[in-house]
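Report on the following structure.
Read-outs: derived from the displayed coordinates by stated rules, not from any lab. Worth saying up front: this structure is predicted, and the values here are computed from it rather than measured. Neighbour counts are summed over all protein chains in view; Cβ atoms, including those assigned to glycine, are modelled from backbone coordinates with ideal geometry.
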């Protein structure tokens with residue numbers, strides 16, 4: 001990968017919660033080790049709460065589901081917790097079809113996932129309510 005290539009992941013830590021933003025179409029086997037390493041580094045640095053932002057991932061294949069499951073397993077085994085946010089409808093539908101959606105703590109927005117970790121109970125916005133109901137059809 002050249003130095004001017006976009007990075008597959010971007011990490012930001014806010015209020016003790018690590019957010020990893022996945023780059024455009026980068027939830028693939030070729031980059032999975034980098035994702036696992038970022039999560040392991042966060043947990044080793046006492047950030048046990050990880051939010052994975054999939055806003056830049058418009059679609060996934062079955063290999064990406066395996067990556068998500070492996071990430072969740074590794075985070076839990078290390079004493080951490082994982083929340084996923086900003087899923088495109090196609091991604092959520094595939095998770096539903098494979099019965100994987102119920103295995104993850106999924107949030108519409110990154111701030112909602114972070115707030116859930118911090119114990120903040122923000123009432124769901126009308127957008128959040130309609131998002132959940134749309135996906136439950």
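Points worth noting:
- Normalised radius of gyration (Cα atoms, divided by 2.2 N^0.38 Å) for the stretch 14-74: 1.09.
- Cα centroids of the stretch 18-33 and the stretch 59-122: 13 Å apart.
- Order by protection proxy (mean Cβ within 10 Å, highest first), peptides 8-15, 101-108: 101-108, 8-15
- In terms of overall dimensions, the C-alpha atoms belonging to the stretch 41-91 reach 33, 18, 13 Å along their principal axes, ordered largest to smallest.
- Relative intensity of the stretch 9-135 on a log10 scale, I(q)/I(0) at q = 0.14 Å⁻¹, equals -0.57, per a Debye sum over C-alpha point scatterers of equal strength in the absence of solvent.
- Under 16 Å from a label point set 7 Å out along the Cα-to-Cβ vector of residue 120, the amide N atoms of the stretch 41-67 belong to 50-51.
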